[in-house]
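The values are calculated or read from the model by the stated rules, or taken from the named source; none is laboratory data. Just so it is clear, the structure is predicted and the values come from calculations on it, not from any experiment. FYI the Cβ positions are ideal-geometry reconstructions off the backbone, even for glycines, and counts take in every protein chain you see.
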Amino acid sequence: MAVIGSTTPLQPVPGTTKDTRGRTARDRTRGSASRRRAGQVVVYVLLGLFSLLFLYPFVWLLAASLKGRGQVFDNRLWPETFNWSNYVQVFDELPVTSWMVNSVLIAVLAAVTVAVSSSLVAFGFAYFRFPGRNILFGLVLATMMLPGAVTMIPIYLIWKELGFLGTWVPLFGANLFGSAFYIFLQRQFFLGLPRELFEAARIDGASYWRLFWKIAMPLSIPSFIIVLLFEFQASWNNLQAALIYLNAGQPSDFTAPLGIAYAMTRYSPTAGGQGDYQFVMVASLLVTLPMLALFAFGQRYFIEGVATQGRKG
């Protein structure tokens, strides 16, 4: 018999503690999953809001291109009447096709020349060891500190003395000597390549030129495409250079940005125009499409190149 008042502790019912602990663990798991789902919902909502914010100008441009004269700037995202004929008449009003062809050719020349020349210089800084290399590389980077307004007039005088005013050459010719930013970008990528690959190729008798084209370039495709994308976009949107070197020519010789500026002036009522800005909006939309297609095509390489650069510091 048990003695009344004894201090013997009560024994738990078999399985009760295990069940309680199991339920607590499951409750914690459900709570964590609920918090993760709530966090994902918040992230998706924020991404959706920011996406709408960034897409608004493009949607507005699309709507304005379908409106008639006098309704372009009413800020409605759904036109009262859809004037699909704007996309046909714009080719009769403006030489949009010539502008886009000119811009594509100039942008391709600018992107290819600066990508190749910058890669060559970057490979030299990354592979070769010579006295004063860091000082020379620092001088190259120091050129990035010069404002464009400081070099604008000297560069213009150089092209004038060479007789290239009114031609495409000033819009891509300087890229033959590389770009400080792209040299820095490519050099960082080349420094991450194993030097043993180049040393083994040198032992096999490969020349320095072969090291660059057969080893360095195939391994640096992501960063090379980044340079191409950046420079293509910069050249495509370059209004200043076209305004300086091509503005005296025929409208059909203009690039896309210069053509859009020309169209804005042509249809301005203050310049004798009728305010047909719907054609300007159509031309602006057509000029935007190639860049969207380019970034859609190169997105994978762009993300891969940025990620690689981030891993290498």
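May I ask you to list the residues in segment 252-267 that are more than 12 Å from Met100 (Cα to Cα) and in a helix (DSSP H, G or I)?
Of everything in segment 252-267, those that are more than 12 Å from Met100 (Cα to Cα) and in a helix (DSSP H, G or I) turn out to be Ala261, Tyr262, Ala263, Met264, Thr265, Arg266.
Could you tell me which of the residues Leu191, Leu120, Leu141 is at pLDDT below 90 and within 24 Å of the chain's Cα centre (by Cα)?
Matching residue, one of Leu191, Leu120, Leu141: Leu191.
Which residue, of Ala200, Ala242, is within 28 Å of Trp159 (Cα to Cα), small (Gly, Ala, Ser) and out of contact with any Cys (no Cβ under 8 Å at 6 or more places or on another chain)?
Selected residue: Ala242, the only one of Ala200, Ala242 that is within 28 Å of Trp159 (Cα to Cα), small (Gly, Ala, Ser) and out of contact with any Cys (no Cβ under 8 Å at 6 or more places or on another chain).
Which condition does Trp99 not pass, out of (1) under 23 Å from Val227 (Cβ atoms); (2) touching a residue at least 24 places away in the same chain (Cβ under 8 Å); (3) not polar (S, T, N, Q), if it passes all the others?
Unmet condition: (1).
List, please: which pairs have Cβ atoms under 6 Å, are six or more places apart or on different chains, and start with a residue in segment 149-163 that is within 17 Å of Asn175 (Cα to Cα) and end with one that is in a helix (DSSP H, G or I)?
Note: pairs meeting the criteria are Trp159/Pro170.
Counting only residues that are over 12 Å from Trp99 (Cα atoms) and not in a loop (DSSP other than H, G, I, E, B), how many does segment 231-251 have?
11
Quick one: count up the residues across segment 67-108 that are under 28 Å from the mean Cα position of the chain (by Cα), buried (at least 18 other Cβ atoms within 10 Å of the Cβ) and in a helix (DSSP H, G or I).
7
Looking at segment 122-166 only, could you name the residues that are small (Gly, Ala, Ser) and in a helix (DSSP H, G or I)?
Listed by number, the residues that qualify are Ala122, Gly124, Ala126, Gly138, Ala142, Gly148, Ala149.
Does Ala64 satisfy the criteria of being touching a residue at least 60 places away in the same chain (Cβ under 8 Å), of a type outside the set (S, T, N, Q), surrounded by 14 or more Cβ atoms within 10 Å (Cβ to Cβ) and closer than 13 Å to Met281 by Cα?
Yes.
Considering only residues of segment 267-297 that are free of Cβ contacts under 8 Å to residues at least 12 places away in the same chain and either closer than 17 Å to Pro95 by Cα or touching a Lys or Arg at 6+ places or on another chain (Cβ under 7 Å) (or both), which is surrounded by the most Cβ atoms within 10 Å (Cβ to Cβ)?
Taking the candidates together, the pick is Gly273.
I need the full set of residues from segment 132-161 which are over 17 Å from Phe177 (Cα atoms), loosely packed, with under 11 Cβ neighbours inside 10 Å and not aliphatic (A, V, I, L, M), in order please.
Gly132, Asn134, Pro147, Glu161
So for segment 122-130 (the condition being hydroxyl-bearing (Ser, Thr, Tyr) and over 30 Å from Glu196 (Cβ atoms)), does at least one residue qualify?
No, because not a single residue in segment 122-130 is hydroxyl-bearing (Ser, Thr, Tyr) and over 30 Å from Glu196 (Cβ atoms).
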